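What follows is a single structure, written as structure tokens, with notes after it.
The values are calculated or read from the model by the stated rules, or taken from the named source; none is laboratory data. This structure is a prediction, so every number in the text was calculated from the model and none was measured. Neighbour counts are summed over all protein chains in view; Cβ atoms, including those assigned to glycine, are modelled from backbone coordinates with ideal geometry. Heavy atoms of the whole protein, side chains included, go into the accessibility calculation; ligands, DNA and RNA do not. Shrake-Rupley method; radii C 1.70, N 1.55, O 1.52, S 1.80 Å.
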Amino acid sequence: MQTMYDVLVIGAGITGGCVLHELSKYQLNIAVIDRENDAAQGTTKANSAIVHAGYDPLPGTKMAFHNVRGNRMVKELCERFQVHYSECGSLVIAADDGEAEAVRNLYERGIKNGVPGLKILSREETLKLEPNLNPEIQCSLYAPTAGIVSPWELCIALVENAVENGASFYLNHEVTAIAQEEGGYAVSTKNGAVFHTRYLVCAAGVYADAVHAMAAPADFSISPAKGEYYLLDKNQGSLVSRVIFQCPTKAGKGVLVSPTVHGNLIVGPDRTDGCGREELSTEGAHLAEIREVSRKTCDRIDFRQSIRNFAGLRAISGQEDFIIREIPGRPGLIELAGIQSPGLTSAPSIALEAVELLQKAGLELVKKESLRAPRKAVRIKELSPEEQREKIKENPLYGRVICRCETITEGEIVDALKSPIIPPAVDAVKRRTNAGMGRCQGGFCSPRVLEIIAREKGIDPTEVLQDKEGSFILPRFQGEKQL
């Protein structure tokens, strides 16, 4: 007998994850499907990780509303789910008279959007806060409610908690067709599965237009824009203590310099339009341009301390605002598209609107009497010496350090492998525990993580993946032939 879901969510990035989490509070049969083998595998794991204050979007837009409300919600969710987060504040710096005028305009826009605590600071006030900035600046816009977060941690925590509260999660299910049927929709996937659902939420990121076209005539298109980044070692992490933006241009918010929640420094992104949906390469010329442009903010960054370069994609729809709607002519099919910056910040707030749209479309919402609380993760390096000793007494694996750069223990890795969504690869363990995120980028700990995954899953080491499907680490043979 086929299962009929009340709501099916397409996409397990931060937007889809927030929707699933919100729906899991109600007495509903819900599920999420994703084309990848883990949550947070798209834009969610490759972005600036900024919780924006909300002064940039145009007043009256969905972006402005969801940015400001989402800013508060992200902070609350991170506290509840033990996700790394810091309300460090941000500065938009102005280098000349024209940019000083732009800063004043952003201030006025932020006031209209309801952003609290905004101030325009003089050159002296700015440099007192951030002495390593370019001394040529004239002034800055200070936003104390801006912050930094670990996006994949937040997404995975929300999806896992939704699963603990009854949601189903299906990996490696790339959608190939959506058909209306009596009472809802039938969603077919590449591996031959068909999901039947009364209501459907599409949060497909850079594939949003392709998924839309399966259900209704296309009325927008996604043209992904790529942004490249530097991630620098922790010895650069204290150069600035806030998120430092240059004045925005038509291309976006520009190259930023920011600390990360794990103590590193991130610099970027640039912008390359018209990229493929899987185009995540980095290029020397683009990275050189980022280095040069960043000097306008701070010329003290030692780029020799770079430990990783990466790229992420933005889902550019060509429209000036988020697309959040019930698709015309498709009752109960809710679309969340073009969720570019400030999409990460806005996601929890967008989820509330998505649930409201579902309710208006006829979905009956009855709150559950009780919910399972978020799991409490053990992070040995964040405990006091006494707390560490107690945990090691409980489980000696907490005393065995696997990742030396980040001080991550075998106990923490085993905990991750017993989570509601079992990490399918070495990089999936990294996203949950931070093992491999340090200076050596897994050069020391990856072989041990591989061994632990193989042992805990009861599989051969040659079956362990680095990240996505097919990314086997060790050579696999059939007879004398390598697969």
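Do we find a residue being open to solvent by 20 Å² or more (accessible area, probe 1.4 Å), within 29 Å of Tyr230 (Cα to Cα) and small (Gly, Ala, Ser) anywhere in segment 453-476? Checked segment 453-476: at least one residue is open to solvent by 20 Å² or more (accessible area, probe 1.4 Å), within 29 Å of Tyr230 (Cα to Cα) and small (Gly, Ala, Ser).
Step by step: first the residues of segment 364-402, then only those that are within 20 Å of Glu79 (Cα to Cα) and of a type in the set (Lys, Arg), then the one that is most open to solvent (accessible area, probe 1.4 Å). Which residue is that? Of everything passing the filter in segment 364-402, Lys376 is most open to solvent (accessible area, probe 1.4 Å).
Count, please, the residues in segment 78-94 that happen to be farther than 17 Å from Ile50 by Cβ and either among the acidic types (Asp, Glu) or open to solvent by 40 Å² or more (accessible area, probe 1.4 Å) (or both).
So the count comes out to 3.
Take the residues of segment 403-426 that are among the hydroxyl-bearing types (Ser, Thr, Tyr) and in a loop (DSSP other than H, G, I, E, B): which is most open to solvent (accessible area, probe 1.4 Å)? Don't jump to the end; show me each part of the working.
Here is the first cut: in segment 403-426, the residues among the hydroxyl-bearing types (Ser, Thr, Tyr) are 407, 409, 419.
From what is left, the residues that are in a loop (DSSP other than H, G, I, E, B) are 407, 419.
Details: Thr407: 56, Ser419: 7 Å².
My answer is Thr407.
Contact annotation: residue pairs with Cβ atoms under 6 Å, 6 or more positions apart or on different chains, pairing a residue in segment 138-149 that is hydroxyl-bearing (Ser, Thr, Tyr) with a partner that is open to solvent by 10 Å² or more (accessible area, probe 1.4 Å) and assigned to a strand (DSSP E or B), are Ser140/Leu121; Tyr142/Lys119; Tyr142/Leu121.
Go through segment 179-206 and give me each residue that's out of contact with any Gly (no Cβ under 9 Å at 6 or more places or on another chain) and open to solvent by less than 20 Å² (accessible area, probe 1.4 Å).
Filtering segment 179-206 for residues out of contact with any Gly (no Cβ under 9 Å at 6 or more places or on another chain) gives 179-183, 186-195.
Listed by number, the residues that qualify are Ala186, Val187, Thr189, Phe195.
A quick yes/no check of all residues on (1) modelled with pLDDT under 95; (2) under 18 Å from the mean Cα position of the chain (by Cα); (3) under 16 Å from Ser48 (Cβ atoms); (4) among the hydrophobic types (A, V, I, L, M, F, W, C):
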site: Ser221; (1), (2), (3), (4): no, no, no, no
site: Lys234; (1), (2), (3), (4): no, no, no, no
site: Pro248; (1), (2), (3), (4): yes, no, yes, no
site: Asn264; (1), (2), (3), (4): no, yes, yes, no
site: His286; (1), (2), (3), (4): no, no, yes, no
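Scanning segment 151-171 for residues that are surrounded by fewer than 21 Cβ atoms within 10 Å (Cβ to Cβ) and among the small types (Gly, Ala, Ser), we see that the one that is nearest to the chain's Cα centre (by Cα) is Ser168. Considering (1) open to solvent by less than 30 Å² (accessible area, probe 1.4 Å); (2) under 30 Å from Ser317 (Cβ atoms); (3) touching a Lys or Arg at 6+ places or on another chain (Cβ under 7 Å), the lone condition that Ile350 does not fulfil carries the number (3).
Among the numbered conditions (1) modelled with pLDDT of 95 or more; (2) of a type outside the set (A, V, I, L, M); (3) part of a loop (DSSP other than H, G, I, E, B), the only one that Gly227 does not meet is (3). Residues being of a type outside the set (A, V, I, L, M, F, W, C) and assigned to a loop (DSSP other than H, G, I, E, B) are represented in segment 207-217 by at least one member. The set of residues from segment 23-44 being buried (at least 24 other Cβ atoms within 10 Å of the Cβ) and either in a loop (DSSP other than H, G, I, E, B) or of a type outside the set (A, V, I, L, M) (or both) comprises Asp34, Asp38, Ala39, Ala40, Gly42, Thr43, Thr44.
All of (1) assigned to a helix (DSSP H, G or I); (2) over 10 Å from the mean Cα position of the chain (by Cα) hold for Gly54 with one exception: (1). Of all residues in segment 71-128, none satisfies the criterion of being small (Gly, Ala, Ser), more than 28 Å from Arg295 (Cα to Cα) and part of a helix (DSSP H, G or I).
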